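Working notes for the structure below.
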Amino acid sequence: MSKFDSLAQVVGRLIEEPEAHGHMGQLAQDLGLERSQFQRMFKEQMGITPARFRQFLMSRRALAHLRMDKSILAASLDAGFSSSSRLHDALITWEAMSPGMMRHGGTGQKITHGVTDSLLGPMMLAWTEMGLCFVGFVQTYDGSFHDLRTRHPHALHQRDDVTAKEFLHDMGFMTGQPCQCRMHLMGSNFQLQVWRALLQVRQGFWTSYGDLAEAMGKPKASRAIGGAVGANPLAVLVPCHRVMAADGRWNGYHWGLDIKKALIAIEAGDQSSDSTSFME
């Protein structure tokens, strides 16, 4: 088992039952580590101490049931993109595709992809001449490339791992830096609306399919919105990992629940560095 796999299990246990882990001795013991070693490894990989992460989870659960305030989300959508959004509208090319265009799957379009390492394991990034069109976590190369090809079955595909590494750096992933790369989001009009809504869910907050539906003025479209969230092509950048079930339970994530939980932990660490307290 890799270091990340072990930490992912710990993160999952803390998220599921933060109240049950008032001290970290047992978690350290389960990893075969001294408590000080465990705390150091957790902080190095996740950017936050395990105790602070537990505090973050408990405060969010108490204050907001781990969901975003509906009025904040609705106001953000009404106003469109703002400078506070992680992805500024100027960096995004939104390409609405008709059903016919989607069936043809990018015929003749050139898409370059590559695989590069991150602290959460290998990632596949793909791009057109207009920007990133796919970001995903890799379990196997064949599986990730199949995912990409399924989205763009008739595109002309080629590989470039060196440029993929440069794109990952420009994303600012796990560096605390703002994203500086362009994005090319291709989907139906409805999918683009959902992905635009996801960009308004702020770091440190979670939302639900129902809340997204209400904020978008489509209160009966929760199931369809769930499908669009699951089809998100840009992991991390379009934060579909911030969507929970209405009752606060963890639901599925295209790249696996361990990755989803680790992303929440990392964002808690980023918020800790930007604020003196999680309790605000």
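Run Q191 past the list (1) buried (at least 22 other Cβ atoms within 10 Å of the Cβ); (2) in the same structural domain as L148 (by TED's automatic domain parsing); (3) at pLDDT below 90; (4) not charged (D, E, K, R) and report the number of the one that doesn't hold.
(3)
Would you mind telling me which numbered condition in (1) under 19 Å from G227 (Cβ atoms); (2) surrounded by 22 or more Cβ atoms within 10 Å (Cβ to Cβ) T150 fails?
(2)
Condition first: within 21 Å of the chain's Cα centre (by Cα) and among the β-branched types (V, I, T). Now tell me which residues in segment 129-179 satisfy that.
V135, V138, T140, T150, T175
Would you confirm whether or not segment 208-225 contains a residue that is under 26 Å from G131 (Cα atoms) and at pLDDT 90 or above?
yes
Considering only segment 171-194, state which residues are touching a strand residue (DSSP E or B) at 6+ places or on another chain (Cβ under 9 Å) and either within 19 Å of S118 (Cα to Cα) or aromatic (F, W, Y) (or both).
M171, F173, M174, C181
Is there any pair with a first residue in segment 105-132 that is over 17 Å from C179 (Cβ atoms) and in contact (Cβ under 8 Å) with a residue 24 or more places away in the chain and a second that is of a type in the set (S, T, N, Q) and surrounded by 16 or more Cβ atoms within 10 Å (Cβ to Cβ) whose Cβ atoms are under 6 Å apart and which are 6 or more apart or on different chains, and what are they?
Final answer for the pair search is I111/T128; M124/S144.
It is to be established whether one or more residues within segment 153-167 are modelled with pLDDT under 90 and at positive phi.
No, because not a single residue in segment 153-167 is modelled with pLDDT under 90 and at positive phi.
What pairs come up if the first residue lies in segment 235-253 and is closer than 27 Å to L168 by Cα, the second is in a loop (DSSP other than H, G, I, E, B) and β-branched (V, I, T), and their beta carbons are under 8 Å apart, counting only those six or more places apart or on different chains?
The qualifying pairs are P239/V201; R242/V201; V243/V201.
Could you grab me the full set of residues in segment 134-151 that are in contact with a Gly (Cβ under 9 Å, 6 or more places away or on another chain) and touching a residue at least 60 places away in the same chain (Cβ under 8 Å)?
F137, Q139, R151
In segment 138-172, which residues are under 23 Å from L192 (Cβ atoms) and among the hydrophobic types (A, V, I, L, M, F, W, C)?
Scanning segment 138-172 gives L148, A155, F167, M171.
The values are calculated or read from the model by the stated rules, or taken from the named source; none is laboratory data. Since the structure is predicted, the reported quantities are computational estimates derived from the model, not experimental observations. Here the Cβ is made from the backbone with ideal geometry for all residues, glycine too, and neighbour counts use every protein chain on show.
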